[in-house]
Each structure stands twice: as structure tokens, then as C-alpha cells.
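Data block below; observations after.
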Amino acid sequence: MAAEIENLKAMGVKIVNNVIVGKSITIDELFEEGYEAVFIGSGAGLPQFLHIPGENLMGVYSANELLTRTNLMKAYREDYDTPIKKFNKVAVVGAGNVAMDAARVAKRLGASEVHVVYRRGKNEMPARQEEVEHAEAEGIEFNMLNNPCAILGDESGHVIGLQCVRQELGAPDERGRRSPVPVEGSTWTLECDTVIIAIGTSPNPLIRSTTPGLTTTRKGGIDADDMAHTEKVAVFAGGDAVTGSATVIMAMGAGKNAAYWIDEYIRRVNGEPKAEE
Amino acid sequence: MYKVVTKRFLNDAKTICLFEIEAPYIARHARAGQFVIFRLDEQGERVPVSVAGYDREKGTVTVMVQAAGRTTKMLHTVEQGDYISDIAGPLGKATEMEGLKKVCVVGGGVGCAIAYPIAKEMHERGIEVTFIAGFRSADIVILKDELREVSDKLIICTDDGSYGKKGFTTVFLKQEIESNIIWSRPQFDRVIAIGPDIMMKFLADVTRPYGISTIISLDPIMVDGTGMCGCCRVIVGGETKFACVDGPDFDAHQVDFDSLIKRAAFYKEEQDEAAKHICHMTGGKRNG
Ligand SMILES: Cc1cc2nc3c(=O)[nH]c(=O)nc-3n(C[C@H](O)[C@H](O)[C@H](O)COP(=O)(O)OP(=O)(O)OC[C@H]3O[C@@H](n4cnc5c(N)ncnc54)[C@H](O)[C@@H]3O)c2cc1C
Ligand code: FES
């Protein structure tokens, strides 16, 4: 990774840190500064919450917060200043790759028990099979068919448990996914001191809300065509910012595709010949 | 790397220090009410602090920082001419002041540093400003002259009476509201209160019966400051809001103070512990 960044720099790519596009500078201002095309690859960063009681208790994190504190800000290392709470029993809500990641990170940070809580069944889990197997191998416990309905706290506002309702799988929906239905009278409490919410993210609205001319999909992704071009002239976009949370491979593909079309676009604007295939 | 071009302590007790930092991108867009996030070095915490001023021509942003935890104590050891590794912003929404005519701004302690640029911008726009600045005691009073310059009426008070009037900001706010009522209508069209959570809670209680629109600036724990982590969430009017993107200003009468105050204490143990461990040999600077 570090080597690749060095490589890019050697090729003449200038990396400007600490700039929040939309706040420090807008896309229109980038054009004013003389840039001929802009590519937006700002990812899907906005975490979704469950909107159940107790979500603001102490000990409730989004997976983004946990993973940012640990992976990017290295809270686990003594020589870094990032604080992170010690936890013992952890409930992770959700069953995608991010949930698996969060569960394993929690375990490695020293949790004695980590439970994945998911409202559907094991076959419905969106995480890759491999990720689930890794998690199982590391001792993560799976509480399938449980829908969290409240997070419980003590007087001082710390998490003491996750209240769940057991679910049964109903008839398959149009996509073949069997949707869960609550089992009456089956409410129970999973004791825990930490709850990590990993039920998905949506694209951050910062850039789209500060860039007139960009249009977005119903889910907040930036509209871009096959050539990665958005509705705004000379603005290209790709990756999670367009698709919503997807994969590294798709994002890399989108970057490559956009690079090709940006090159074509700039050649055309400047009246240069097409690139050799 | 970002150069500190000016450093100046703002009070005798040296609890609050001003830093003017070269950051052209921030300087270009910053407005009162917004904040920035800085990091001293690669291993440092990311610390949000309010924009206390900016110079668009010079390309600098000014922050006023109280030494509270480990990182802010270390920042106080950074000297004029030194560099810090990162500063990003401006973040959050600027304070709304459209259409206002007469405003009472209340600051508590370091909250006065955050309230000052707001009062200044209002003053420049011709809004009549009454400023109530409260401090614990004389040795920590800041910005006396600056506040006088930007307010039509300034009341400085201390808890122990060692400077200005003796008493809490709540008392003086009530007095000011009461003495500005015409035909049973309060003349302030807004109160802006910035200070410790508990102070803002009580100030909100003061203005509520008068029905005066009251805005407070919140500083919950943040990580990224761009809406990516949800760490800064607060409950406002029963809804979950992210202070870093939806705020930091919120309607004081809608904020759930109890959950706010509890969340703010979450990392307290870790922070107290970390603050004890600042390396004294290097005077707090990790690498030097
Ligand atoms: C915990 C976790 C586990 C995952 N596991 C897998 C996995 O196993 N396999 C897999 O294929 N995928 C996985 N994914 C998904 C994968 O990470 C994403 O699909 C991929 O990173 C998308 O790449 P991107 O370039 O579109 O966006 P990102 O990688 O999200 O990059 C966006 C960048 O833009 C920056 N940015 C955002 N807004 C602004 C702004 N306004 N101004 C300036 N900069 C901005 C952000 O700081 C960030 O650096 C996982 C995701 C997470 C969170
Ligand atoms: S600080 Fe992360 S969302 Fe506000």
C-alpha cells in the first residue's frame, strides 16, 4: 500500500491532505483553479443506526467508529493517543462483511465473548462465506433470527444488555429471501457491555449537497453513466460513492474505467487524438 | 505541515491559548460557528476545536484552546514558528444569523472564545449584541477588550466575584431579558449560549418560559467530524442528529441534555489517565 502510494507520487500525482471537498473547497472551485476534470471517489461513509431505544447509551458504536478508532487511528497501540474502551461482552448487530470484521476486531481487542446478532437466518447472511468461517474459527458466536428491539443501560448510562425478539422465517419474498417474522412472547436479553451497529452505510451527502448539477439516486449515490460521467460536465464518479457499499474490487474497477474515460474526455476537449488501445 | 504563526496566552492562569495557524483552504471558507480538527503528529488524537477567527488574505485560521486533556496540554507547548501535522476544515454549519436584530450571547469559560467570533460577525452585520461572559475567577478571564469591541453591552461575571460582577450567567441573562421587555414582549429575538453542557442546560431553562429562540453550540466527542462514524450523535427533538454535520448549533429547547452529559463523560477515565502520562522530558512534544 505505502509502496503503491509512492509509485503514484513518482508518476506525478500530487496528494493534498486535510481537504474536505464541499467544505474546504468546492468542486466548482477546483475548476476555477484550472482543473479540467474531477473524479469523486468519496465512498459510502454514513453509518445507519437501528433507531431503537438506548442507541445513545455509552458503549454503543457504529462499526465505522470502532474500525476507525482501531484501524485508522490505531487505538490498540500504546504509542498512539486514540482512546478506546476496554470491553468484555460484545454484541454486533448485522451480518455483512463489516459486521464480521467488527466482530473479529472486538475479539482481538480482548473481548471475552462476541455475539453476532442478525434478524434473518444463517443462509441469508450477506457476508462472504469465507468471512463467516474466519469469524467462527476465532470463536465468534452467532445468534441468528434475533431482532434487536432495545439497548438496555444502567443508571449511569452504560450498556448492560441487548434486548432481542426471536424471529421465524416466513415465506420467501420476490427475491427469494425469506423474511423474518417475530415470535410472540420471545423477548430475551443478551447481556453485554458493548453494542456495535453494523447494518450498512449510505453515501455521505457532503459533496452532493455542495455541488450544484450533480444528481443522485434514491439511495443517495451519485448518478454516473457507463463512462463514469455524472450529470455535471467534466465531473466523474465511481466506487461506493456511486454504488453504495460494495467491494474493493468493484471500486478499483470503477477507478480504472473512470481513468480511461477522463483521459478520453480531456483529449477530446483539447482536440488531441484518441489514446491507443 | 501547518505553521503556527502566532501563539499567545489569553489569561493570567495560562489556561487558554490562542494559535493562529497557516491553513489557506480553511481560511477561505471558515465562518463563525464552524470548527476544525487538528492533529499534532502522526500518533496524535484528532481534536475538534472551534474557529475563533480567520484572515482570508493571510490564509490563516485562529483557534483558542483550553488545556484540558493530553493533546490540548501538548498543544500548549507548541511555540510560534513550530508546525503541527494536520488541520482540516472548516467543518459543521456556520451559525445562522439571518434576519436577527437583537441578540444576547452568553459564554461560559472557554465558551467565550467560541462565542466571540459569532458576536463579532453579528456586530459587523449591524445586529445589536449583548454579551454575558462568565468565568470561575479573575485569573481565567479572557478576551476582555475584544468582547467589549464587538458588543453593545458587555457583562463580565465571575463565580467568586474576583472580576466583574459576582454571580452566574443564568442570573444576568434573566436580568437582561427582564429589563428588555416591551409590552410583555421580550426584545431579544435570539439567545446564543456556549459553555459547559450543564450551564447551557440551565440557560435553556431561563429562556424557555419567555419563548425566546435559543441556540447552543455542542461539542460531543468526535472522531472524523464529517458524518462518517456517528460518534457525535445527540438527540434533538427526539431525533438522532450528528453534531459534526447537522450542528454544532442546535435548538437548546429540543436538546436531550441528560444523554448528552452522560455521553461526554464516556472517555473521561482514559483521558485523565492519558493526561498524567505526558512525557515531561520532552516537555510534551513526542518527537523532540
Ligand atoms: C469494515 C469494512 C469491511 C469491508 N470488507 C470488505 C471486503 O472484505 N472485501 C471487499 O471487497 N470490500 C469490503 N468492504 C467494502 C470496501 O471497503 C469498499 O467497497 C471500498 O473501499 C470502496 O472504495 P471507494 O474508493 O469507493 O471508497 P472508500 O474506500 O470509502 O474511499 C473514500 C475516500 O474518500 C474520502 N472522502 C469522503 N468524502 C470526502 C470529501 N468530501 N472530501 C475529501 N475526501 C473525502 C474518504 O475519507 C475516503 O478516504 C468493506 C468495508 C468496510 C467498511
Ligand atoms: S464525528 Fe463522526 S460522525 Fe460526527
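The values are calculated or read from the model by the stated rules, or taken from the named source; none is laboratory data. The model shown is predicted, which means the values in this text are computed figures rather than measured ones. Ideal geometry is used to build each Cβ from the backbone, glycine not excepted, and the neighbour counts take in all protein chains shown. Ligands, DNA and RNA are excluded from the accessible area calculation, which covers all protein heavy atoms including side chains. Shrake-Rupley method; radii C 1.70, N 1.55, O 1.52, S 1.80 Å.
Miscellaneous remarks
- Couplings 3J(HN,Hα) of the stretch A:211-216, computed from phi: 10, x, x, 7, 10, 10 Hz, in residue order, whole Hz [Karplus 6.51 cos²θ - 1.76 cosθ + 1.60, θ = phi - 60°; x for Gly and Pro].
- Shielding by partners, peptide A:144-157 (average Cβ within 10 angstrom, other chains): 1
- Accessible surface for the protein assembly as shown, divided over its residues, is 48 Å² per residue with a 1.4 Å probe.
- Bridge orientation summary for chain A: considering DSSP beta bridges with both residues in this region, about 50 percent are antiparallel.
- Computed [θ] at 222 nm, helices only, for chain B once each DSSP H run of length n ≥ 4 contributes -39500 (n - 2.57): -7000 deg cm²/dmol
- For B:LEU218, the solvent-accessible surface computed with a 1.4 Å probe is close to 10 Å², ligands and nucleic acids excluded.
- Helix content alone sets the calculated 222 nm mean residue ellipticity of chain A: runs of n ≥ 4 DSSP H residues at -39500 (n - 2.57) each, divided across all residues, give -7500 deg cm²/dmol.
- Within 10 Å of each Cβ in B:31-38, the average number of Cβ atoms from other chains: 1
- Cut-off under 5 Å, modelled amide H: who pairs with A:LEU46 long-range: A:SER202, A:ASN204
- Axial C-alpha extent at least 24 Å, average Kyte-Doolittle at least 0.5 - helices from chain A (DSSP): none
- The amide H of B:GLY53, built 1.01 Å from its N in the peptide plane, has B:THR62 as neighbours under 5 Å, considering only residues 5 or more places off or on other chains.
- Shielding by partners - mean other protein chain Cβ count within 10 Å, residues of A:7-19: 2
- For the stretch A:49-199, share of DSSP beta bridges that run antiparallel, in % to the nearest 5: 50 percent
- Carbon and sulfur %, accessible surface of the protein assembly as shown computed with the full protein complex present, 1.4 Å: 51 percent
- For A:LEU190, the solvent-accessible surface with a 1.4 Å probe is about 10 Å², rounded to the nearest 10.
- Among B:34-41, B:4-11, A:30-37, the order from most to least packed when residues are scored by Cβ within 10 Å on average: B:34-41, B:4-11, A:30-37
- Backbone geometry of the stretch B:53-59 corresponds, through the Karplus equation with coefficients 6.51, -1.76 and 1.60 at θ = phi - 60°, to 3J(HN,Hα) couplings of x, 7, 10, 5, 6, 6, x Hz, x marking Gly and Pro.
- Computed with a 1.4 angstrom probe on protein heavy atoms, the A-B interface buries about 3500 square angstrom of accessible area in total.
- Percent of beta bridges antiparallel (DSSP, the stretch A:104-174, rounded to nearest 5): 70 percent
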